[in-house]
Each structure stands twice: as structure tokens, then as C-alpha cells.
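Presented below is the structure to which this report refers.
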Amino acid sequence: MEKVLVLSLICISLCQGWVVQSLEYDHTASIECLRDPMKPLYNGGIIQNGEFNSGLMGWSTHRDIKAGLSSSPSGNKFAVVQRADSLSGAAVPSRSVYQKIQLQGDTHYSLSAWLQVSAGAAHVKAFVKTPNGERVVAGSVSAQSGCWSMLKGGMTAYSSGPGQIFFESDAPVDIWLDSVSLQPFTFDEWDAHRQQSAAKVRRSTVRVVVRGADGAPMANATVIVELLRAGFPFGNALTKEILDLPAYEKWFTSRFTVATFENEMKWYSNEWAQNNEDYRVADAMLKLAQKYNIKLKAAMQKRLKSVVTRYAGKVIHWDVVNENLHFNFFETKLGPNASPMIYNQVGALDKNAILFMNEFNTLEQPGDPNPVPSKYVAKMKQIQSYPGNSALKLGVGLESHFSTPNIPYMRSALDTLAQLKLPMWLTEVKFLEQVLREGYAHPSVNGMIMWAAWHAKGCYVMCLTDNSFKNLPVGTLVDKLIAEWKTHKTAATTGADGAVELDLPHGDYNLTVSHPSLGTNATVRAMTVDAAPLASERLINIKV
């Protein structure tokens with residue numbers, strides 16, 4: 001039986017290019033807890049005295065809060081704010097110094113700051129107060145005592161006017177602050193960078209040289225370029241209705257290269273009655289996916305020997321312990337190492353598939369204390385450090401349950417997670433164009449799957465098509481993006497040197513070469529375009 005096991009990875013050199021262009025710093029700094037903070041990004045952007053080298057100039061404090069300046073043994077200066085106690089005994093948040101800022105409408109802001117707390121660890125949130133008085137959570141981090149942690153985030157201002165930036169925690173700690181930066185980007189600047197990045201990481205220039213039977217370059221040859229399969233995995237959730245509806249089958253398979261079964265591999269679908277397993281529906285759906293070379297992501301929920309053994313070698317991913325940062329069901333039953341142990345067992349049963357930790361709100365909600373990128377990374381490192389897990393193929397799964405997306409925060413979270421150097425997928429996208437464009441352009445995102453499964457009785461959250469499989473507006477948008485990402489020159493003519501250069505999206509192609517001297521005969525050559533690190537790997541010689 002054909003195996004469904006193909007997944008392209010973006011090379012590290014391209015990831016580093018993204019760092020230089022958009023963040024101006026090394027990703028490793030965002031996770032390491034450092035003795036002294038690094039310099040502020042973008043020289044602080046619009047923040048005045050972000051390094052506190054001029055004392056508290058430009059910064060203010062709330063009433064009844066003591067703020068001052070301190071310094072490390074190396075001489076680095078930073079702001080210290082002592083927690084204020086409530087006279088009534090009611091809990092009050094710990095706050096940092098704040099700075100008044102002038103926000104511009106229709107502008108994205110990238111935020112970074114280094115934080116430390118006086119004792120233990122505390123969840124610290126960054127707030128930007130907008131001109132209308134709204135307090136926008138622009139990022140958060142689990143700050144520690146004894147070392148500095150970097151908070152990265154961002155927000156979007158839709159109107160111009162005065163605002164504030166400050167940091168806050170519900171924990172009873174003093175907040176230390178340094179190297180603050182807030183950098184504005186107009187919507188046009190942000191989009192231009194995103195387009196530039198997408199062109200760099202999802203496309204390559206291929207030089208095709210056509211030669212005659214004698215090996216001499218052949219001028220004026222026609223090269224027809226046919227894209228057979230897009231290289232970037234883009235898919236959708238799939239339901240069992242596809243087995244009985246040819247129109248659904250045609251609609252789905254003409255668009256998507258990867259799929260997640262919505263429920264058909266979950267425990268309750270295959271074993272509704274204990275010890276009575278029934279995989280007929282899942283097997284039939286897998287067979288259909290294989291027919292169209294659609295790769296499959298699958299959910300593993302406890303039943304290791306049953307489901308993993310049955311489908312090992314037939315799926316590219318397992319979502320092993322779902323929503324592991326919000327919930328701890330297995331840890332309460334099996335102990336604190338339950339999750340790493342389960343990953344170990346799945347890896348032993350299927351050595352080829354990538355084992356994902358799938359989580360929500362890591363990209364979507366900067367104020368949620370459970371899944372912040374720093375905690376995601378810590379959990380993944382716990383899984384990696386468990387005995388026997390160092391060689392596991394692990395992956396980062398991000399559910400992407402957006403309502404109104406905070407695009408600058410999404411990018412900052414992806415950047416922070418990227419330094420894990422693991423495959424990263426958006427797994428259940430529920431808000432479309434800006435989120436999909438951001439994911440497609442980020443060099444560390446290896447694929448995306450929407451959570452928009454079709455049901456005859458109605459869809460969950462969003463529908464792409466009606467019951468006649470005619471696109472709804474959202475489906476039309478998806479088709480627009482698919483077409484845009486596949487756009488390429490379909491025909492070209494070689495020059496005097498027998499060569500033509502083609503700028504192509506990554507994927508599998510057929511090249512058909514014809515020439516008047518060949519009559520009706522033509523040469524067809526298969527070609528794969530990917531992120532080849534060497535120029536020589538993008539040179540295609542065709543002898544006709």
C-alpha cells in the first residue's frame with residue numbers, strides 16, 4: 001500500500017533571513033533567561049529612554065507606587081517598581097512604570113521588553129492603552145527572579161491619538177523592566193515585508209537549459225510549465241460524508257493537499273462501546289485520501305497500540321496529547337511525566353510520523369497565561385528531555401482559533417517558537433485571509449490546515465461551500481489564495497544560449513519542451529522545485 005509520508009522542510013538559512021529582516025536579533029535570546037537583557041530592538045522604536053540610561057526620564061508611575069532605578073553588577077540599569085499593597089486588603093495588580101505614547105491609526109506595532117520579578121515566577125502581561133481608553137494585551141511572558149526573560153508581542157492601532165504602554169501581573173511581585181521597544185509599521189510596510197518573505201521562502205528561480213541531441217544549446221525552444229502539485233501543504237478538515245458524495249470528493253480533492261479527519265480517528269468514533277473497535281469509516285477515508293495523494297494528519301487520543309499501530313506509516317503527523325498546556329488529564333492519572341512518556345510510546349510505534357503538541361491560544365490570545373510561547377517551549381523541552389525522547393520527530397501544532405486576530409502578536413509568537421527548530425503547522429485555522437497570509441509568509445511554518453469541515457446540517461464556525469458545493473464568499477477567498485500561491489509563468493521560449501529562467505512556487509512540475517526541428521515530438525521532464533540551498537541544484541538540463 002502506498003505510504004502517505006511526504007513533508008517538505010524550510011531550510012534554516014531562510015529562517016535566519018526572516019530574523020534579520022523583521023526582528024533584528026537572534027531567536028535564541030527569546031527563550032534563554034539571561035543575566036543581563038539585550039539591547040532593545042529597533043533602538044527602542046518610539047519608546048523614549050527604553051534602556052533607562054537616563055534614569056526614569058520619559059517614564060511615570062501610578063500613585064502610591066515606589067519606582068526607582070537599579071543596576072546589575074555589570075552596570076546595566078533598569079527600572080524597579082515595588083508592589084503596592086491595598087489598604088482594604090483587596091488584591092491589586094503589580095504594575096511597572098508606564099510611558100505615554102502617540103499612536104498612529106492603521107499601524108501595526110511590534111513590542112519587545114525584558115522583564116524580571118523579585119521572587120519566584122509570575123505571568124506578566126504587556127498592555128497598550130489606546131486613544132479610546134481600551135487596554136489591549138500586547139503580549140505576556142512567564143518572568144522569573146534571578147534572570148531576565150524577553151517578552152515579545154505587538155498590537156494594531158486603528159485610530160490616532162495618545163496612549164500608554166505598561167506591564168502588569170496579578171502575582172504579588174515587584175516588576176523589573178529594561179530594554180523596551182515599540183516599533184510602528186504601516187499596513188503597507190507590513191504587507192510589503194510579508195510579500196517579500198513569501199516570495200523568498202515559497203518560490204525559487206530555476207534555470208532550464210534545453211540541448212539538442214548533439215549537446216548544443218537549442219534556441220527558440222518552447223517550454224510549457226505545468227504545476228502538478230503545490231509544495232506548501234495547505235488543507236482542511238474532512239468528514240465521512242465525502243465517502244458518499246462525489247461532488248464533495250471533487251470539490252475537496254481539487255483544492256487541498258493535506259487533510260485532518262474531523263472526528264473519524266478519535267477514540268469515541270472507533271470504540272463507542274468498550275472493546276468493540278470499528279475502523280471501517282476511517283479506513284475508507286484513508287483509502288480515498290491515498291487515491292488523491294492527500295497527506296493525513298491524525299489525532300491520537302490514548303489508544304496507542306490500537307490506532308497508532310493500525311495507521312503507522314500511513315499518516316504524516318500524530319497530534320499526540322491535545323491541548324497539553326491547558327489541561328492535564330493524563331498527568332493527574334499517570335504522574336508529571338505522563339505526556340513525555342506517551343510521546344515516547346507513540347514514537348516507538350511509528351518512527352516516521354512527526355509527533356505534534358497541538359495547542360490553542362498560543363497565537364490567538366496573548367493574555368491567556370497557560371499557552372504563552374515561553375511555556376509552550378518549556379513543555380516541548382520537557383518532552384524532549386525525557387529518557388529516550390531525544391531522537392523523536394516532534395512538531396509544533398498551533399490551533400489558530402482566531403476571532404479578530406492580533407497579527408503583530410501572531411508574528412512575534414511564531415518567531416519565538418521558531419527557535420525550537422521543529423516543524424510548525426497552523427492546524428485549525430478559523431479566521432482566514434490575514435492569518436493564512438501571515439502563516440504562508442513565515443519561513444518556519446511548514447503547512448496549514450483550516451477547521452472548516454463541510455456538514456450537510458451546517459458547519460462548525462465557518463463554511464466554505466453550500467450543500468451544492470458552490471463556493472460561499474469564504475470559499476471564494478480560499479480559492480483566491482490557492483490560485484495566488486500557485487501563480488507562475490506557464491510557457492517560455494529559450495534564448496540563444498538555450499536557457500530560460502523560471503520563477504516558480506515550490507512544487508512538482510512537468511516541463512514539456514518542443515521545437516520546430518522536432519516536428520510533433522516533444523520531451524516531457526518531471527521536476528521538483530524546492531528550497532534547494534545551492535544554485536547548482538536549481539539548474540535543469542534537458543536533452544531533446
Query raised in the report: Does the stretch 274-296 contain any residue that is modelled with pLDDT under 95, in a strand (DSSP E or B), assigned by the TED database to the domain that holds Lys421 and open to solvent by 50 Å² or more (accessible area, probe 1.4 Å)?
Result: yes
Report summary line: With criteria (1) out of contact with any Asp or Glu (no Cβ under 9 Å at 6 or more places or on another chain); (2) in contact (Cβ under 8 Å) with a residue 24 or more places away in the chain; (3) open to solvent by 10 Å² or more (accessible area, probe 1.4 Å); (4) in a loop (DSSP other than H, G, I, E, B), Gln434 comes up short on (4)
Query raised in the report: Limited to the stretch 209-240, what total is found for residues that are in contact with a Gly (Cβ under 9 Å, 6 or more places away or on another chain) and buried (at least 19 other Cβ atoms within 10 Å of the Cβ)?
Result: 8
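Among the residues of the stretch 179-230, which ones are under 20 Å from the mean Cα position of the chain (by Cα) and of a type in the set (Phe, Trp, Tyr)?
Passing the criteria: only Trp190.
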Query raised in the report: Which number in (1) in contact (Cβ under 8 Å) with a residue 60 or more places away in the chain; (2) under 20 Å from Ala298 (Cα atoms); (3) touching a His at 6+ places or on another chain (Cβ under 8 Å) marks the one condition that Pro369 misses?
Result: (2)
Requested in this report: Report those strands (runs of 3 or more DSSP E) wholly inside the stretch 459-544 carrying at least 1 residues which are closer than 30 Å to Ile449 by Cβ.
Outcome: 499-505, 507-514, 523-529
Requested in this report: Select, from Asn358, Asn352, the only residue that is open to solvent by 10 Å² or more (accessible area, probe 1.4 Å) and in the same structural domain as Ser390 (by the TED database).
Outcome: Asn352
Report task. Return the residue satisfying two criteria in turn: it lies in the stretch 365-417 and is of a type in the set (Val, Ile, Thr) and more than 25 Å from Phe185 (Cα to Cα), and of such residues it is surrounded by the fewest Cβ atoms within 10 Å (Cβ to Cβ). Result -> Val377
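The values are calculated or read from the model by the stated rules, or taken from the named source; none is laboratory data. These numbers come from a predicted model, not from an experiment. Neighbour counts are summed over all protein chains in view; Cβ atoms, including those assigned to glycine, are modelled from backbone coordinates with ideal geometry. Side chains are part of the model used for accessible areas, which takes the heavy atoms of the whole protein and leaves out ligands, DNA and RNA. Shrake-Rupley method; radii C 1.70, N 1.55, O 1.52, S 1.80 Å.
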